[in-house]
Amino acid sequence: MRTKIVIGLLAVAAILAWTGIVGAQTAPPAPRVQLPSGETVWDLNGDWDALVENYGPYERFGTHPNVYRITQTGTTLNAIRLTDNPPPSTGRAGSPSLKGELEKNGFKHIYLIDSGGIH
């Protein structure tokens, strides 16, 4: 009786392991852009959810979600806000939010643009 239970448990474990292996999915490749120079960088074009956490002199503006629309040309990127920042901020939908430049392994530099247009 005990042997039958052990064999049954091993069979169940084997089925679960097989199901896990068969059902495993590989992650899709990260989107990349090939530049005319032959260099490849990340493709960040599109709408990105952002959680804006203000601190220091901007702490009074708090933490809030937003959506940034990034437009990338080669290694240069610019983004606009798609929703208004909450009061007391004056950042409105359509205003600039980020600008920066990419290099092969990530960001060369990136600037957050506040609602007054200062980066």
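The values are calculated or read from the model by the stated rules, or taken from the named source; none is laboratory data. Remember, it's a predicted structure, so these values are computed and weren't measured experimentally. Cβ atoms come from the backbone with ideal geometry, glycine included; neighbour counts cover every protein chain shown. Areas reflect the complete protein model, heavy atoms only, side chains present, ligands, DNA and RNA absent. Shrake-Rupley method; radii C 1.70, N 1.55, O 1.52, S 1.80 Å.
Sorting 40, 76 by solvent-accessible area of protein heavy atoms yields 76, 40, largest first, with a 1.4 Å probe. Coupling constants for region 52-61 follow from the phi torsions by the Karplus curve (6.51 cos²θ - 1.76 cosθ + 1.60, θ = phi - 60°), and in residue order they are 8, 10, 8, 8, x, x, 9, 4, 5, 7 Hz; glycine and proline get x.
In the assembled protein chains, residue 49 presents an accessible area of approximately 140 Å² (probe radius 1.4 Å).
Between residue 112 and residue 92, the distance separating the two model label sites (each 7 Å from Cα on the Cα→Cβ line) works out to 2.3 nm.
Please work out how much length the chain gains when fully extended from residue 78 to residue 101, using 0.36 nm per residue of separation minus the C-alpha to C-alpha distance, in nm with one decimal.
Details: separation 23, 0.36 × 23 = 8.28 nm, distance 0.88 nm.
Using 0.36 nm per residue and subtracting the Cα-Cα distance, I get 7.4 nm.
Counting Lys +1, Arg +1, Asp -1, Glu -1, what net charge surrounds residue 45 among other residues with beta carbon under 14 Å of its beta carbon? Before the final figure, lay out the partial values.
Numbers: positive: 32, 69; negative: 43, 47.
Within the 14 Å Cβ shell, the charges total 0.
Using a probe of 1.4 Å, the accessible surface attributed to residue 32 totals some 100 Å² when neighbouring protein chains are kept in position.
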